[in-house]
Every structure is written in C-alpha cells, then in structure tokens.
Amino acid sequence: GDSVTQMEGPVTLSEEAFLTINCTYTATGYPSLFWYVQYPGEGLQLLLKATKADDKGSNKGFEATYRKETTSFHLEKGSVQVSDSAVYFCALSKNYGGATNKLIFGTGTLLAVQP
Amino acid sequence: GAGVSQSPSNKVTEKGKDVELRCDPISGHTALYWYRQSLGQGLEFLIYFQGNSAPDKSGLPSDRFSAERTGGSVSTLTIQRTQQEDSAVYLCASSSRGAGGSSYNEQFFGPGTRLTVL
C-alpha cells in the first residue's frame, strides 16, 4: 500500500544552520504531498503542500519540491530559529475509493534548534 | 467556532471501560477524519465521514471501535472495553469540499484527546 518514509530524528541544529529533512513516498497514481508541523503542546498544522510534480510548496521560510522521478518531498530551510523546534510530519493524500482524501503520514522527525 | 475542537482533552480510564471522544468540526466542513497518534504506530488514519455517512472505515483497528456523526457536524468516537494498547492521542480533522466538488481541501486538526488506559 501507499506509504511515506522520513528520516529518523531527532535532528539537533544550531540557530541559523541549514535544515534538510528527507521524505520519500510510495504511491500509485498522483498523490498530493504535505508537510505538517506539531509545535510543543499544540495541534498539527499544515506547513506547506504541493499537489503535482515539480510544484514547490513554501511557507515561513520552509520549502519542499515535489519530485516524481525520485518520489521525494524533502523539507528545507536556509536558516533555522529556536522557534522552529517541533516535530515535522511528511504526508501524502489522494482520492481513494469513496472519495477519501485520508492522509498517510511518515513517522515524524523531531527538530531541536539550540541558541 | 474558529477551529476544530475536541473533548475531553485528557481521559484516564480503567481497562475494560467504554469511552466516548467528541469532535466538533469547523462549521460547514463536510468531511471529517479521525486519526490516532501513538508511540508505537505513529499517526494512523481511523475513519472518514462525508456528511453523516462513513464510506471509509478501513483504519478502525477492531470492532471495539466505532464512530458516528450526526447533523453533518459533531462526531463521536467510541471505544468499548478499552485495552492498554488503546492509549494514544486521538485526533480529529475536518475539511471543506474543493472546487468542482470532486476533492477536498486542507485538513484542519483539533488539539486531540489524550487517552490513557490503566
């Protein structure tokens, strides 16, 4: 079945460092791809998304490009801040039978940014 | 309300008891989803509602789990005869129908209900 694999954490970086969190997917058809973020003590929030190949999603300095040839959607940020410390989830969604657009999530990557 | 709300925020119960978890979606959102977040299994889909019907129940782990939605709004997830492995955070999400009516937009998540089964 469809699945998402993302790099194990935790990832520990110093402030202003470059961030990459790898995400690859396995899916038939044409899924949409997402990054969700969960800040400490808060609910899941959509960070960015891309709905077709070669689309780039971006938000709050984060970006990810939908690469169909490598089935990847890696998350990047040029300069992280302490406030970016959170758990990041890569996910995919597509129109399953019954028009379900359920999300299939990766395991999550904990990012800890130190001042 | 402004966002998806869930109640209770925390629930501690004894093994074998039944529990009910409630979700209030964003007003007007026709799609509603339940997910479970646990240490061993990560984030898993449980069930999807379109209006009051549930065309996809494929993620419910056993027949002890059931859910309903009434009035196209509030949903209740019921777990009967709870087991320790049911301990998790139960998340609800809702979304509106996309342009053309054939797909759905972004899912907005509630804060979750943390269930602990002793």
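The values are calculated or read from the model by the stated rules, or taken from the named source; none is laboratory data. Since the model is a prediction, treat every value here as computed from it, not as a measurement. Every residue, glycine among them, receives a Cβ derived from its backbone with ideal geometry; neighbour counts consider all protein chains shown. To get the accessible areas, we keep the full protein, side chains included, count just its heavy atoms, and leave off ligands, DNA and RNA. Shrake-Rupley method; radii C 1.70, N 1.55, O 1.52, S 1.80 Å.
Quick one: count up the residues across segment A:39-68 that are within 11 Å of chain B (Cβ to nearest Cβ) and out of contact with any Leu (no Cβ under 9 Å at 6 or more places or on another chain).
4
Take residue B:5 and tell me if it is open to solvent by 30 Å² or more (accessible area, probe 1.4 Å), within 11 Å of chain A (Cβ to nearest Cβ) and of a type in the set (Gly, Ala, Ser).
yes
Which residue out of B:84, B:37 is in contact (Cβ under 8 Å) with a residue 40 or more places away in the chain, more than 14 Å from chain A (Cβ to nearest Cβ) and not acidic (Asp, Glu)?
Answer to the selection: B:84.
Given the conditions (1) under 19 Å from residue B:107 (Cα atoms); (2) among the hydrophobic types (A, V, I, L, M, F, W, C); (3) out of contact with any helix residue (DSSP H, G or I) (no Cβ under 9 Å at 6 or more places or on another chain); (4) buried (at least 19 other Cβ atoms within 10 Å of the Cβ), which single one is not true for residue A:21?
Against the list (1) under 19 Å from residue B:107 (Cα atoms); (2) among the hydrophobic types (A, V, I, L, M, F, W, C); (3) out of contact with any helix residue (DSSP H, G or I) (no Cβ under 9 Å at 6 or more places or on another chain); (4) buried (at least 19 other Cβ atoms within 10 Å of the Cβ), residue A:21 comes up short only on (1).
For the condition farther than 15 Å from residue B:5 by Cβ, surrounded by 15 or more Cβ atoms within 10 Å (Cβ to Cβ) and among the β-branched types (Val, Ile, Thr), what is the one hit in B:30, B:70?
Exactly one residue qualifies, and that residue is B:30.
Based on what the data block shows, is residue B:48 over 11 Å from residue B:69 (Cβ atoms), touching a residue at least 12 places away in the same chain (Cβ under 8 Å), assigned to a strand (DSSP E or B) and facing chain A (nearest Cβ under 9 Å)?
Taking the combined requirement at face value, the residue does not satisfy it.
Being of a type in the set (Ser, Thr, Tyr) and under 18 Å from residue B:94 (Cα atoms) is the filter; apply it to segment B:8-27 and report the residue that is most open to solvent (accessible area, probe 1.4 Å).
B:27
Looking only at segment B:11-34, count how many residues are in a strand (DSSP E or B) and not hydroxyl-bearing (Ser, Thr, Tyr).
11
Taking the criterion of being modelled with pLDDT under 95, within 14 Å of the chain's Cα centre (by Cα), open to solvent by less than 20 Å² (accessible area, probe 1.4 Å) and of a type outside the set (A, V, I, L, M), would at least one residue in segment B:36-51 satisfy it?
yes
Looking only at segment B:32-63, how many residues end up being under 25 Å from residue A:106 (Cβ atoms) and either among the hydroxyl-bearing types (Ser, Thr, Tyr) or in contact with a Lys or Arg (Cβ under 7 Å, 6 or more places away or on another chain) (or both)?
Of the residues in that region, 13 qualify.
What do you reckon, is residue A:105 under 25 Å from residue B:111 (Cα atoms) and either within 14 Å of another protein chain (Cβ to nearest Cβ) or of a type outside the set (A, V, I, L, M, F, W, C) (or both)?
Yes, satisfied.
Out of contact with any His (no Cβ under 9 Å at 6 or more places or on another chain), modelled with pLDDT of 95 or more and within 17 Å of residue A:55 (Cβ to Cβ) - does that describe any residue in segment A:19-28?
For segment A:19-28, residues out of contact with any His (no Cβ under 9 Å at 6 or more places or on another chain), modelled with pLDDT of 95 or more and within 17 Å of residue A:55 (Cβ to Cβ): present.
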